[in-house]
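Heads up, the thing below is written out as structure tokens.
The values are calculated or read from the model by the stated rules, or taken from the named source; none is laboratory data. All of these numbers come straight from a predicted model, not from anything done at the bench. When we count neighbours, we look across all protein chains shown, and the Cβ atoms used for this are built from the backbone with ideal geometry, even at glycine.
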Amino acid sequence: MTKLFNLSRRKNTRLADYINGVANASKRPRTYKRKLWNIARKISEYESFRGMEIYTNSMTQNVAEDFLLFLTNQFAYRASTVNSIFSAITTMLHRAHRDGYAVDFSIKDVSTVKEDAFSVYLTPEEVERIYRLSIKNESLTSIKNAFVVGCCTGLRFSDYSRLTNDNIEEGIIRIKTKKTGVTVVIPAHWIILDIIDKYNRFPVVKVSLQNFNARIKSICKKAGLTAVYTVERTEGTIVVKRKFKKYQLISSHTARRSFATNMYLAGVAPAKIMLITGHKTEQSFFKYIRINKVENAKDLATHPFFVK
């Protein structure tokens with residue numbers, strides 16, 4: 001392979017090796033490590049494809065754009081997947097710069113295809129239907145109830161899966177979130193109070209996020225969430241339309257989206273919801289919630305502008 005030598009006074013290293021090193025040394029969950037290992041592997045495959053090695057200072061704008069085309073054309077990745085990989089590489093390069101390695105920051109000028117990921121939310125009626133679903137298996141019941149707690153708090157899986165009785169006092173939930181380190185304060189929904197009254201504690205989750213997501217899909221299928229959605233995605237250079245049943249589109253994060261969307265539809269001011277969800281701007285908040293055009297029209301139908 002042809003080496004692209006470092007012309008800076010800073011030290012230099014092969015990018016794939018650096019990313020693998022970060023993953024190997026990380027104390028974060030294995031899912032995070034696997035993501036980095038996979039990205040490093042894709043960079044190595046690109047190196048073989050182009051016959052050159054990529055160093056921290058040779059991932060230039062031109063190389064990055066060619067690498068993204070490689071991912072699109074060779075693997076037919078969805079636009080959202082390509083964006084995710086590029087975002088992770090950018091983060092790694094910033095980290096490498098902080099670690100004293102030479103980095104070419106022309107990558108900031110790389111343009112990527114913007115495509116909103118399709119996601120669904122659960123209505124309050126659907127959340128209650130899931131909660132009322134009778135399941136004999138104790139572990140599945142805990143998973144079901146934990147998911148419902150997420151729907152009623154807006155917390156991420158990393159937070160709603162570790163709630164204990166120490167986090168609630170006089171009907172108010174307080175928890176320091178793992179991702180941001182910010183303490184959020186949330187009124188306890190009646191379903192949460194009902195769960196604690198019935199089991200004398202918050203649900204206990206003893207499975208990985210991957211297993212949790214698989215089981216939630218199964219539980220939502222049993223709850224009858226089978227409405228069909230047509231999802232349009234860019235895969236490689238082709239726009240593909242596929243049909244999914246609602247339960248197939250549900251994951252642990254659906255709980256958080258459902259909370260934010262249902263609060264908004266209930267008339268709660270975005271600023272108050274954002275104090276719980278942690279969104280910094282209304283722009284990011286409105287990208288997050290899931291309201292379709294029909295729901296929006298029904299909501300506006302009672303507005304004084306449309307009523308005589």
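Tabulated results
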read-out	value
Selection within segment 122-148 - without any contact (Cβ under 8 Å) to a residue 12 or more places away in the chain and of a type in the set (A, V, I, L, M, F, W, C)	none
Only one of S58, S84, S48 that is of a type in the set (S, T, Y) and either assigned by TED's automatic domain parsing to the domain that holds V231 or over 22 Å from V110 (Cα atoms) (or both)	S48
Among the residues listed as H253, H189, the single one being crowded, with 19+ Cβ neighbours inside 10 Å and either within 20 Å of the chain's Cα centre (by Cα) or touching a residue at least 24 places away in the same chain (Cβ under 8 Å) (or both)	H189
Any hit, segment 226-235, residues being within 23 Å of K144 (Cα to Cα), assigned by TED's automatic domain parsing to the domain that holds L155, in contact with a Cys (Cβ under 9 Å, 6 or more places away or on another chain) and surrounded by 12 or more Cβ atoms within 10 Å (Cβ to Cβ)	no
Tabulated pairs, segment 282-300, first assigned to a helix (DSSP H, G or I), second of a type in the set (K, R) and at pLDDT 65 or above, C-beta under 8 angstrom, 6+ apart or interchain	Y288/R257
Test: residue in segment 149-171 that is free of Cβ contacts under 8 Å to residues at least 24 places away in the same chain, of a type in the set (S, T, Y) and out of contact with any helix residue (DSSP H, G or I) (no Cβ under 8 Å at 6 or more places or on another chain)	yes
Condition met for A96 (among the small types (G, A, S), under 28 Å from S208 (Cβ atoms) and touching a helix residue (DSSP H, G or I) at 6+ places or on another chain (Cβ under 6 Å))	no
Residues that are of a type in the set (D, E) and part of a helix (DSSP H, G or I), drawn from segment 105-161	D109, E125, E126, E128, E138, D159
